[in-house]
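Some notes on the structure that comes next.
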Amino acid sequence: MNWSSILSSSIGKKIVMAVTGLFLISFLLVHMGVNACIFKDLFDPTDNGDMFNRAADYMGKTALIRIMEVVLFAGFFVHIIQGLILEWENRNKRKKGYAVNLGNKGSKWYSRSMGLLGTILLLFLILHWWHFWIPSRFTHAGLENPILLSNNRVSHDMFKLMTVTFSEWWVVVVYVLACISLAYHLLHGFQSAFRTLGLSNTRYIKLINALGVAYSVIVPLVFALMPISMKMGWVGF
Amino acid sequence: MEHKNINLTLKVWKQKNGQSQGRFETYLVNDISTEMSFLEMFDVLNERLIKEGKEPIAFDHDCREGICGMCSMYINGRPHGPWEGTTTCQLHMRAFKDGETIVVEPWRANAFPVLKDLMVDRSSFDRIIQAGGFISVNTGNAVDANAMPVEKDKADASFAAAACIGCGACVAACKNSSAMLFLSAKVTHLALLPQGSPERKTRALNMIAQMDKEGFGACTNTGACEAVCPKEISITNIARLNQEYLYAGLTADK
Amino acid sequence: MLNSKTPAGPLDQKWTDYKGHVKLVNPANKRKLEVVIIGTGLAGASAAASLGELGYKVKAFCFQDSPRRAHSIAAQGGINAAKNYQNDGDSVFRLFYDTIKGGDYRARESNVHRLAEVSSNIIDQCVAQGVPFAREYGGLLSNRSFGGTQVQRTFYAAGQTGQQLLIGAYQALERQVALGNVEMYNRHEMLDVVVIDGKARGIIARDLVSGKLERHFGHAVLLCSGGYGNVFYLSTNAMGSNVTAAWKAHKKGAYFGNPCFTQIHPTCIPVSGDHQSKLTLMSESLRNDGRIWVPKKQGDNRKPGEIPEEERDYYLERRYPAFGNLVPRDVASRAAKERCDAGYGVGSSKQAVYLDYADAIKRYGHIEAGKQGMHEADEATVIRLGKEVVKEKYGNLFDMYEKITGENPYEVPMRIYPAVHYTMGGIWVDYELMTTVPGLYALGEANFSDHGANRLGASALMQGLADGYFIIPYTLGSYLSDDIRTASIPTTDPAFEAAEKAVQERIQTLMNIKGTQTVESFHKRLGRIMWDKCGMARNAEGLKQAIAEIQQLKKEFWSDVRIPGAIDEMNPELDKANRVADFIELGELMCIDALDRKESCGGHFREESQTEEGEAKRDDVNFAYVSAWEYKGEHQWQLHKEELEFEVAKPTQRSYK
Ligand SMILES: Cc1cc2nc3c(=O)[nH]c(=O)nc-3n(C[C@H](O)[C@H](O)[C@H](O)COP(=O)(O)OP(=O)(O)OC[C@H]3O[C@@H](n4cnc5c(N)ncnc54)[C@H](O)[C@@H]3O)c2cc1C
Ligand code: SF4
Ligand code: FES
C-alpha cells in the first residue's frame, strides 16, 4: 500500500478533506480573531480601526504568516478540488435514482448538502478575495492613502476599506448569507472531520459534537456581525 | 389484536431483467388484513396476478424473520419501510392507512444492479468479505475456547456489530451509495476481538480497496445508513473503521 | 442389507480408531479431486471451507443470493457442547446419553457418540473464527440451560446463535473463495444428481438468474441442503427451504431415512389468517418463566385478563407435575393440540394457548424490590420492577412478538401454538455420512441425523458443524483415496447429457401445463393434508386417506398448475413449482413411513399406540430400527431396516409425570 493508493481511496479522500477542513477551521479562528479587532470601536470610539489595522499590518509583514498564507491557499485548493471531485464521484454512484427520496427521514439536509454549501462558500470566497485580498496584495484599489498607526508604522487602512465595502446593502446580505452557509457547512464538517479521522470513543464524540455546535454558531455569528455592525454604523468612523 | 381490512394503491417497479428498462406499474389491492406482513400482501397480489394471467412481481425474501437479510424493498422513500429497526419482511400492514398509496422500488446503487423487478445483485458484499472479512484460521487450528478471555464490553460491542445481516439498506439509503456501515460492522466485529487483531491492518486496507473497486461511494457521515439499518448498527463503527484504516495506512511497511 | 459401516471396538474408541486408520489422500492428489457441495448452511459452509483448506477443488451451491443467507442463519437459541466449563457434571458421555434418550432411542449410538466427542472442538473453532459468543464479566464464555437436560452446556450469542455461527463459517468459506480453492455459485439450484457407473459424479443445476441449466462434475457430491419442514407449507423454516436436492438424490438411489420424524415446536406465534406464509418461532427459553394455560370453559370468549385464576387450566402443570411447563417439545406440543382440539383454544382462530408472564413479572418484581430494599413496595412498583427484569431477559423476543401481532406481551398473555420446526428424517447415511449411492454424501439437517425421533434444543447447529468441520474431512478421504486415478469426467459425458435432458423435459412439461391453479395453492393444500393427517398425531385411517389425497393432488398438480413467465429467465414461480412437485412426492412417502411405524416415539405420535393416560407408547420390540426407503418408481417404495442396537444407552420409557 503506497501513499497514493491510500490517499486516493474513498477513506483516503475523506481523510484529506478532514485534515484540510480542520486546518481551515483553525485558520477561521485566527481570521476571526484578527477581524474581531474592529469591535474595539464599540468600546473605544476613538480607535477608528487602529487595533484592527495594526493586527492586519502584523499579519501582512510577518514572514511565518506569509508562509502560512501559501499553505492556507494550498489547503483551500485541495479542500475545494477534492470536495468537488468527491461530490461528483459520489453522485455518479447511483445512475438511476429513486422516485421517492429518503430526504430528511434519515439525515440532516445540510449533511447531504456539503457540496452545495461548499460551492456557495467558494463563490463567496472569490467575492471576498476580490473585496479584500486582491486590493491589499496587488491592486491597492481603495487603499491609496496609507495611514500612520499608533505603533508608528505606516500601513494600508484596511478598516476603511471594510467600512466602504460594507456600506452597500447587497454586500452585507451576501456576506450574511455566506456566514449562514458557513455555519451549516461547519455544523456537519466539524464533527465529521473528527469521525473521519477515527474518533470513535463515545465520550469524546459527545464532547466534539458539543464543541462543533458551539464553533459553528459562534464563529459565523461573529463574522456576520462585522458587515452588519458596519452597515448599521455601530462600528466605523 | 383489533384488525381491519384496508385498500391500497401500490406503485411497484417492474423490470424484466438487468438489460431492460423498467417502469412503475400501478396495482390496486383490496381487503388487505392489517395482520398481514408486507410480503404477505405481495403474496396475495401475486396470486391474483398469476390467476389473471399477468406477471407476478419478483422480490427477494427467504427467512421472513428479519435475520437472513434477503428481503430488500425501498418503501415510500425508505429502505425496509416506515418502521425503525425492522426488515421488510417484519413490517406489517398495521403501518399503513386505508386508501394509502405505497411506492415500492428496488435498492438503487450502481454496485447493486437490478436483476428483475425488486431483486438486485448484492454479490459485491460477498467480494468485500472475500477481500479480508475473516480470520485466517483453518479448521483444527484452534486453541481451547476459554484460553483467550475477551473483555465483556468489547465482546458485547463486537457482537453488536456482528448483528449486521448484510441486507444493503445502508447502501440504499446513502446519498453516496456507500457501503461503509456494512464494512465497518464487519471490521469492528473482528477488530475488537483478540483473535482478529493479527490481520487488522490488511483487513481494513483490502476491504476498503475492494469496496471502491465495486463502485460504492465514499462516506460523508450523513447518518442515513444508521437511521435505516434494521439491526441498528451504529455509525460509530464507521469512525472505528476510519481509525483502523488510518492506522494501517500510516504504519504499513510497504 | 444396509451396512452402517460402524467401526468395531468400544463405543468411545470407535472414532479415534477410525481416524487413526482411515486412508488419506496426499496433498498433490487433493488438488486434482473435485467436490460438489449443495448448500451453504452450517453443514455446507463448514464442509466447503474445511475441504478447501485441505486442498480439494470445491464447488459450492446455494439458491440464495449469498451463502450467508442459508436457513441456519435463523437459529436462535444456542449450540450444545460437552465443555463442562460450568463444572456441573457434564461430559461427552452425558451429552451422548441425553441425545440418545431425547431422541427416544431411535438414533445410531456410534454417530451420536462421535457427535458428542467433537462438540468441544466446534466451540474452539468458532471462537477462533471470531464468533462473538456471550461472555461473563471475567471474559470467559457463558452458558445457558436448554430443554431436556440437567446441565448448562449451551453456548449462545443472544438470540442470534445461528447467525453468528453461520457468519463464522461463511467467512471461512469466502476466504477459500478468495484463495481460489472454492468456487461459489449463488442463485443456483441443484436439480439432479448425475450418476456414472453407480457413483455420484456431478449435478445439474439451474442458474436462477438466467434460467440456464449447467452441468458440474465432482468426484464426490455432498448434500447439505437442509430440512424439509416446508412440506407442511406453514413452518418456521425459511420460505425457500426445500427437499428438492435430497429428493433428486433419493430418486437416483439414495435411501430416505425415517421421513415421518418431524419436530413440532410448542412455542410459535399462531396463524393469524389464510394469508399466513410462514410461522415464527418464539425461543424455547420462554417456557423457563412463562406459564401455559387455557380457560376451563370451552369456547370462552372473554379477554384473558377477565378470566379469574380459578377458571384457568394450567394443563401442563396439571398433567406433568414433575416437569410442568418444561416438558420436552413433543410432549408440550401434543398437550396444546389436545386442548385446542377439545375446544378450549383461545384467540380468534381458537388455535392457540396462552403463555402468561404475569406471575413471572410479579415474582421477579418481588425479588428485585427485595434487592433494592423496598420491602413495602406496592403492587404497581413490583410490577414495574418485574417488567424491567423480564425485559432484560426476553426483551428482543417480546419486541418481535409485538411487531408481528401488534399486542404488548407485557400486558396481555402471549398466544402461542405448535408449529413444524425441524425434520429429524432425511437421506439415510452410514457412519461415514455416505448415502446408499457411492460418492454421494449427506450432511446436516439433510441427513437422517443423530437426533432419532426427537431433537433436543441446540443440537442441530452442533450436528451441522460437526459434520462439516470435523467428520467429512476424514470420511471423504476414505472414499476419494481410491479415486485418485479417476480423471475429471468431461460434462459432455452421455450421463450428464441424459440428466440435463431429463431436467429440461420436466421443466418444459411443467411450463406447458398452463392450467388454472397457482403453485402456492397446491402447496397450501398439501400442507393442510400433512398437518391434519401426518402432523402432531397420526392414525392409520388418516394416513391412508392422506396418501390417497396426495396422489390425487399430484395428478391435479401435473395437469392444472399455472406457472407464469418463461424458462430462460429469472422465474421464482417456476423455482417454486419445481420444489412443490417434489414436496408432494415426499408427502406421500412421509405418510407411508408414518403408517408403517405403528409405535409412538418422539415426534411421531400414533394414536393407536398410547398409554391409558394418553402418553406416547414406544415399541422397542418391533420398531427399534431406522426405516430406510428405496425409491422404486411412482408411488412405490421398498423399506429397508437398519436395526438399532443399544450397547451402552439402554432404552427406558420416557416419563415426565
Ligand atoms: C427458527 C429456527 C430456529 C432454530 N434454532 C436452533 C437452535 O437454537 N439451535 C439448534 O441447534 N438448531 C436450531 N434450529 C435448527 C437448525 O437451525 C437447522 O437444523 C440447521 O441450521 C440446518 O443447517 P443445514 O446446514 O443442514 O441446512 P440449511 O442451513 O438449511 O442450509 C441449506 C442450504 O442448502 C441450500 N440448498 C437447498 N436446496 C438446494 C438446491 N436444490 N440447490 C442448491 N442449494 C440448495 C440452501 O441454499 C442453503 O444454503 C432452528 C431452526 C429454525 C427453523
Ligand atoms: S449495516 Fe445494517 S443496513 Fe447495512 S447491511 Fe448491515 S444490517 Fe443492513
Ligand atoms: S426475509 Fe430474511 S430478513 Fe427479511
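Values quoted throughout were computed directly from the atomic coordinates according to the rules given, and no laboratory measurement underlies them. Quick caveat, the model's predicted, so the values are computed rather than measured. Cβ: placed from backbone, ideal geometry, glycine included. Neighbour counts: every protein chain shown.
Structure values in brief
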{"read-out": "Cα long-axis angle, helix C:540-560 against chain C (0 to 90 degrees, to the nearest 10)", "value": "50 degrees"}
{"read-out": "Rough spin-label spacing in nm, given labels placed 7 Å along Cα→Cβ, for C:Val271 and A:Asn92", "value": "5.5 nm"}
{"read-out": "Highest-first arrangement of C:367-379, A:119-131, C:556-568, where packing means the average Cβ count within 10 Å", "value": "C:556-568, A:119-131, C:367-379"}
{"read-out": "5 Å-binned pair-distance histogram of region A:3-231 (Cα, whole percent)", "value": "1, 6, 11, 17, 17, 16, 12, 8, 6, 4, 2, 1, 0, 0"}
{"read-out": "Filter on A:Lys206/C:Lys403; B:Lys54/C:Lys251; B:Lys116/C:Lys576; C:Lys555/C:Lys576; B:Lys213/C:Lys212 - keep pairs with C-alpha separation over 23 Å", "value": "A:Lys206/C:Lys403; B:Lys54/C:Lys251; B:Lys213/C:Lys212"}
{"read-out": "Principal axis dimensions, largest first and in whole angstrom, of region A:128-205 by Cα", "value": "55, 33, 22"}
{"read-out": "Tilt relative to chain B, helix B:200-214 - C-alpha long axis, 0 to 90 degrees, to 10", "value": "40 degrees"}
{"read-out": "Number of partner chain Cβ atoms within 10 Å, mean per residue of C:73-84", "value": "2"}
{"read-out": "At least 15 Å along the helix axis (C-alpha) and Kyte average at least 0.5, DSSP helices within chain A", "value": "A:10-35, A:63-91, A:114-128, A:169-196, A:202-232"}
{"read-out": "For region A:32-55 and region B:199-249, distance of Cα centres in Å", "value": "47 Å"}
{"read-out": "Rg and Dmax of chain B, Cα atoms only, in Å", "value": "20.5, 65"}
{"read-out": "Shape parameters for region C:264-420, alpha-carbon atoms, Rg then Dmax in Å", "value": "15.7, 51"}
{"read-out": "Residues in region C:25-41 that a label on C:Leu179 would reach, taking backbone N under 16 Å of a point 7 Å out along Cα→Cβ", "value": "C:27-33, C:35"}
{"read-out": "10 Å Cβ neighbours from other chains, averaged over peptide C:267-273", "value": "2"}
{"read-out": "Two-site FRET efficiency, C:Lys251 against C:Lys641, from Cβ-Cβ distance with R₀ of 25 Å, rounded to 0.05", "value": "0.75"}
{"read-out": "Alpha-carbon gyration tensor eigenvalues x 5, square-rooted, for chain C, Å", "value": "40, 29, 24"}
{"read-out": "Whole-percent pair-distance distribution, where bins are 10 Å wide, for the alpha carbons of region C:497-543", "value": "22, 27, 26, 23, 2"}
{"read-out": "Highest-MSF residue in chain B out of B:Val44, B:Val228, B:Val137 [GNM, Cα springs under 10 Å]", "value": "B:Val137"}
{"read-out": "Three principal axis lengths of region B:5-116 [C-alpha, angstrom, descending]", "value": "38, 35, 23"}
{"read-out": "Contact order relative to length of region C:501-615, as percent, for alpha carbon pairs under 8 angstrom and 6 or more apart", "value": "35 percent"}
{"read-out": "Burial ranking of peptide ranges C:410-416, A:37-43, A:94-100, C:152-158 (average Cβ count within 10 Å, highest at the top)", "value": "C:152-158, C:410-416, A:37-43, A:94-100"}
{"read-out": "Rounded tilt (10° steps) of C:572-596 against the dominant C-alpha axis of chain C", "value": "70 degrees"}
{"read-out": "Region C:193-202 - phi-based ³J(HN,Hα) in whole Hz, Karplus 6.51/-1.76/1.60, Gly and Pro as x", "value": "9, 9, 10, 10, 6, x, 10, 5, 10, x"}
{"read-out": "Theoretical ellipticity at 222 nm over the protein assembly as shown - DSSP helices of four or more residues, -39500 (n - 2.57) apiece, nearest 500", "value": "-13500 deg cm²/dmol"}
{"read-out": "Among the listed pairs B:Lys154/C:Lys362; A:Lys14/A:Lys93; B:Lys14/C:Lys554, those beyond 28 Å (Cα-Cα)", "value": "B:Lys154/C:Lys362; B:Lys14/C:Lys554"}
{"read-out": "The protein assembly as shown, Cα convex hull volume normalised per residue, Å³", "value": "203 Å³"}
{"read-out": "Isotropic mean projected area of the C-alpha convex hull, region C:501-615 (nm²)", "value": "8.0 nm²"}
{"read-out": "Part-to-part distance (alpha-carbon centres) for region C:465-514 and region C:295-321, which is given in Å", "value": "55 Å"}
{"read-out": "Alpha-carbon centroids, region C:75-132 and region B:1-69: separation in whole Å", "value": "43 Å"}
{"read-out": "Packing-based order for C:62-75, C:595-608, using average beta carbon neighbours within 10 Å, highest first", "value": "C:62-75, C:595-608"}
{"read-out": "Residues whose placed amide H lies under 5 Å from that of C:Gly202, excluding near-sequence neighbours", "value": "C:Val194, C:Gly218"}
{"read-out": "Tally of Lys pairs whose C-alpha atoms are under 27 Å apart, taken over region A:95-198, 8 or more apart or cross-chain", "value": "4"}
{"read-out": "Reachable lysines, given that their alpha-carbon falls under 22 Å from the alpha-carbon of C:Lys83 and they are not under 8 places away in the same chain", "value": "B:Lys152, C:Lys14, C:Lys19, C:Lys101"}
{"read-out": "Area projected by the alpha carbon convex hull of region C:31-168, averaged over all directions, nm²", "value": "9.6 nm²"}
{"read-out": "Compactness of region C:476-522, expressed as Rg and Dmax over alpha-carbon positions, Å", "value": "18.7, 53"}
{"read-out": "Cα gyration tensor shape of region B:123-251, rounded if a/c is under 1.5, else prolate or oblate by comparing a/b with b/c", "value": "prolate"}
{"read-out": "Partner chain coverage, peptide C:545-558 - average Cβ within 10 angstrom", "value": "0"}
{"read-out": "Whole-Hz couplings from phi, Karplus 6.51/-1.76/1.60, listed for region B:231-244; x for Gly and Pro", "value": "9, 6, 5, 7, 5, 4, 4, 5, 4, 5, 5, 4, 4, 4"}
